[in-house]
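See below for the structure under consideration.
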Amino acid sequence: GVKLLLHGLCSNTTVKSLDLKGNNLRTVGAEALGKLLRQNKSIRSLILEWNSLGMWEEGFSFFCQGLGANNFLQRLDLRNNQINHQGAGVLAMALKQNASLQELDLRWNNIGLLGGRALLNCLHSNKTLKRLELAGNNVPSDILKAVEQAMVHNQDRQTILSETQNRAYILSKEVLSLKDEKTKQFLDLMDTIDKQREEMARSGRMSAARVSQLQEALDEQHSIMNSLKAKLQMTEAALVLSEQKVHNLGELLNATKQEQTSMAERHFTELQQQKQEGADREGKLLRDLSAASEKNLLLRNQVDDLEKKCKVQQDQLFQVKQDLTNTTAELKLRAVQAEERLEMEKRRFKQSLEDMESLRVKEVDHMTQHIEASERSMQDRIQRLEAIRIALEEELSQVKAAALTERGQAEEELIKVRNQARLEEQQRLEHLEEKLRLMTESRDEAQNCCLKQKQMVAEAQAKANQFSLHADGLRRRLEELQQDLNSKEEEKVTEVNKVKVELQEQIGHLQAERTAQDGLREKIAALERQLKALSSNHREALLDKEGEISMLLEKLRMREADISRMREEEAQRASFLQNAIMAYVQGSPLGTHSSRK
């Protein structure tokens, strides 16, 4: 029934604990249990109290093989299973291979001295077993103490390993968090840099667009000024022609001359007014241009105002054009009227020639004088007009030069602003690059510190392993010496001299071991000095490690005390052997014969 039950549990994955206490399991049950331990991966606790697994060596060896192949079982109860020293040896071999068992209960069996030694030897290679119960097995107290010390050592080792794993896990978490924070900061910096670049590009585009708009407005104003100059030239030419016509017809038409002179004066005054208005407008335009060149940094707020002013000026120029067209049309009408009047006067003159022949000579003289005076006045007026025209041309050239200079200044200011913006961008980029470099250096330093701490932990673990291995070697040597002494107790009286020689050799070995221990102590002192030197640089990180080293030193001292106690016990046993041998020799017939003699 147990075989069928265990065969069914081989493929089970839900059962965590199995209790088969008091079922009288023997060879078949042991083999089935060995197969279960090989195949099952879910059972963590197995209770086999009050059975007979240790009575048959083959079945128990098969069970132990399954235990050695299992890496999932954590608790095993083998109380009252009639396990002898041979079964304990097989179990010790299985425990050397097992890496998961933490609690083993072997109370109330027949393990004895040899079985206890085998289990103690297996504990040197098994580092996971935390609890081993050997009460009621006729095992000496020193072996029980050694087993307890080994259990304590395993517990300390597992606690140290768990602490180191936790610290490594915490350090890895901190390193990952630091990496995430640095990546986030780097991404934020890159985003800010991109945003600043976009803003600078937008500002550059806006400034270029505004500059282009201002240049277009200046070009339009220059074209308007050129058109005004052309119109003024046309008007001046028309005035010259009209003056020539008046000069040609002055001899015959005094009334027409007076009217023409009055009209010319009116037109002259109107033209002067128009010139003054144009000059005022040009001054206003120049002022607006200077204000625009000085306020290039505030173009966002002034673009609308400039557009409005340009529209008003365009309207005014359009009105001026209309006025000029009206004036030209009026001049043409007046010229036509004057021609008609001339024709009428010619007709009248032809009619009045007959009547005015007698008065023509007098009137001719008077007219010649008046014409000469009018010619002089007209020449004076023409000279004045030419002087005014020259002054206007000079003023226009000055205005052009001022506009060019202001345009150059505006372009220079724009270039300066662009250079300043580029310098500020370069400075910001350099500052951000320095920040990135500092962040990378801090990250590298943190990584180096973590690596150094990991190296220090690994070195401390390696040193602890070396100390544990050395202590295990010392224990093995002591056990070999104990086995030699036990074998020597069984030898005969004839081997007493050999025992003495071997004891002397062992004493020499012990002295050599003492010297080795002194060397180890010196090494430990040197290591302590090194640890102190390292603790000056890493005090906070090595406080726990120094506590662990002090615990190891205390354990070494305890072991040295145990070794000294073992030596004293060996010396006592040697003295007991000598006394027994001497008593045996005295009690033998040879001894009595020698005493009789």
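Please work out if Leu132 is more than 47 Å from the chain's Cα centre (by Cα), open to solvent by 50 Å² or more (accessible area, probe 1.4 Å), in contact (Cβ under 8 Å) with a residue 24 or more places away in the chain and more than 30 Å from Asn301 (Cβ to Cβ). Let's see the steps before the verdict.
On the way: more than 47 Å from the chain's Cα centre (by Cα): yes; open to solvent by 50 Å² or more (accessible area, probe 1.4 Å): no; in contact (Cβ under 8 Å) with a residue 24 or more places away in the chain: yes; more than 30 Å from Asn301 (Cβ to Cβ): yes.
Answer is no for this residue.
The conditions are (1) in the same structural domain as Asn12 (by the TED database); (2) farther than 24 Å from Ser17 by Cα; (3) among the acidic types (Asp, Glu), and Glu174 fails exactly one of them. Which is it?
For Glu174, the failing item is (1).
Give me a count of the residues in the stretch 152-177 that are open to solvent by less than 70 Å² (accessible area, probe 1.4 Å) and touching a residue at least 24 places away in the same chain (Cβ under 8 Å).
10
Whether any residue in the stretch 346-361 is closer than 27 Å to Ile224 by Cβ, assigned to a helix (DSSP H, G or I), modelled with pLDDT of 75 or more and open to solvent by 100 Å² or more (accessible area, probe 1.4 Å) is what I want to check. Don't jump to the end; show me each part of the working.
Here is the first cut: in the stretch 346-361, the residues closer than 27 Å to Ile224 by Cβ are none.
No, the stretch 346-361 contains no residue that is closer than 27 Å to Ile224 by Cβ, assigned to a helix (DSSP H, G or I), modelled with pLDDT of 75 or more and open to solvent by 100 Å² or more (accessible area, probe 1.4 Å).
Limited to the stretch 304-322, what total is found for residues that are over 16 Å from Lys284 (Cβ atoms) and at pLDDT 75 or above?
Of the residues in the stretch 304-322, 2 are over 16 Å from Lys284 (Cβ atoms) and at pLDDT 75 or above.
Every residue in the stretch 135-148 that is assigned to a helix (DSSP H, G or I) and either touching a helix residue (DSSP H, G or I) at 6+ places or on another chain (Cβ under 7 Å) or surrounded by fewer than 15 Cβ atoms within 10 Å (Cβ to Cβ) (or both), please.
Of the residues in the stretch 135-148, the ones assigned to a helix (DSSP H, G or I) are 141-148.
Of everything in the stretch 135-148, those that are assigned to a helix (DSSP H, G or I) and either touching a helix residue (DSSP H, G or I) at 6+ places or on another chain (Cβ under 7 Å) or surrounded by fewer than 15 Cβ atoms within 10 Å (Cβ to Cβ) (or both) turn out to be Ser141, Ile143, Lys145, Ala146, Val147, Glu148.
Could you grab me the full set of residues in the stretch 361-384 that are of a type in the set (Asp, Glu) and closer than 24 Å to Leu239 by Cα?
First, pick out the residues of the stretch 361-384 that are of a type in the set (Asp, Glu): 363, 365, 372, 375, 380.
Result: Glu372, Glu375, Asp380.
Select, from Gln221, Gln185, the only residue that is modelled with pLDDT of 80 or more and surrounded by 13 or more Cβ atoms within 10 Å (Cβ to Cβ).
On the way: Gln221 fails: modelled with pLDDT of 80 or more.
One residue alone meets the criteria, Gln185.
Quick one: is Leu510 closer than 30 Å to Gln461 by Cα and either open to solvent by less than 70 Å² (accessible area, probe 1.4 Å) or of a type in the set (A, V, I, L, M) (or both)?
On the way: closer than 30 Å to Gln461 by Cα: yes; either open to solvent by less than 70 Å² (accessible area, probe 1.4 Å) or of a type in the set (A, V, I, L, M) (or both): yes.
In short, yes.
Do we find a residue being farther than 30 Å from Ala237 by Cβ, open to solvent by 90 Å² or more (accessible area, probe 1.4 Å), assigned to a helix (DSSP H, G or I) and touching a residue at least 40 places away in the same chain (Cβ under 8 Å) anywhere in the stretch 410-429?
Yes, the stretch 410-429 contains a residue that is farther than 30 Å from Ala237 by Cβ, open to solvent by 90 Å² or more (accessible area, probe 1.4 Å), assigned to a helix (DSSP H, G or I) and touching a residue at least 40 places away in the same chain (Cβ under 8 Å).
Out of the stretch 536-568, which residues are at pLDDT below 80 and among the hydroxyl-bearing types (Ser, Thr, Tyr)?
Just the residues of the stretch 536-568 that are at pLDDT below 80, to begin with: 536-550.
If the condition is that a residue be at pLDDT below 80 and among the hydroxyl-bearing types (Ser, Thr, Tyr), then Ser536, Ser550 are the ones that fit.
Among all residue pairs at least 6 apart or on different chains, which show Cβ distances below 6 Å where the first residue, located in the stretch 284-312, is open to solvent by 30 Å² or more (accessible area, probe 1.4 Å) and the second is in a helix (DSSP H, G or I) and at pLDDT below 70?
Short answer, once both residue conditions are applied: Lys295/Gln302.
Within 30 Å of Gln86 (Cα to Cα) and among the small types (Gly, Ala, Ser): is that true of Ala150 in this structure?
Numbers: within 30 Å of Gln86 (Cα to Cα): yes; among the small types (Gly, Ala, Ser): yes.
Judged against the criteria, Ala150 is a match.
Considering only the stretch 199-239, state which residues are among the hydrophobic types (A, V, I, L, M, F, W, C), over 21 Å from Asp304 (Cα atoms) and in contact (Cβ under 8 Å) with a residue 40 or more places away in the chain. Talk me through it step by step, then tell me what you get.
First pass over the stretch 199-239, keeping only residues among the hydrophobic types (A, V, I, L, M, F, W, C): 200-201, 206, 208-209, 211, 214, 217-218, 224-225, 228, 230, 232, 234, 237-239.
Okay, now just the ones that are also over 21 Å from Asp304 (Cα atoms), so 200-201, 225, 228, 230, 232, 234, 237-239.
Listed by number, the residues that qualify are Met200, Met225, Leu228, Leu232, Ala238, Leu239.
In the list Ala533, Ala571, Ala583, Ala526, which residue meets the criterion of being open to solvent by less than 50 Å² (accessible area, probe 1.4 Å) and either at pLDDT 75 or above or outside the structural domain of Ala462 (by the TED database) (or both)? Quick ask: steps written out before the conclusion?
Values: Ala533 fails: open to solvent by less than 50 Å² (accessible area, probe 1.4 Å); Ala571 fails: open to solvent by less than 50 Å² (accessible area, probe 1.4 Å); Ala583 fails: open to solvent by less than 50 Å² (accessible area, probe 1.4 Å).
Result of the check over Ala533, Ala571, Ala583, Ala526: Ala526.
The values are calculated or read from the model by the stated rules, or taken from the named source; none is laboratory data. Worth saying up front: this structure is predicted, and the values here are computed from it rather than measured. Glycine gets a Cβ as well: all are built from the backbone with ideal geometry, and neighbour counts include every protein chain shown. We work out accessible area using only protein heavy atoms, side chains counted, and drop any ligands, DNA or RNA first. Shrake-Rupley method; radii C 1.70, N 1.55, O 1.52, S 1.80 Å.
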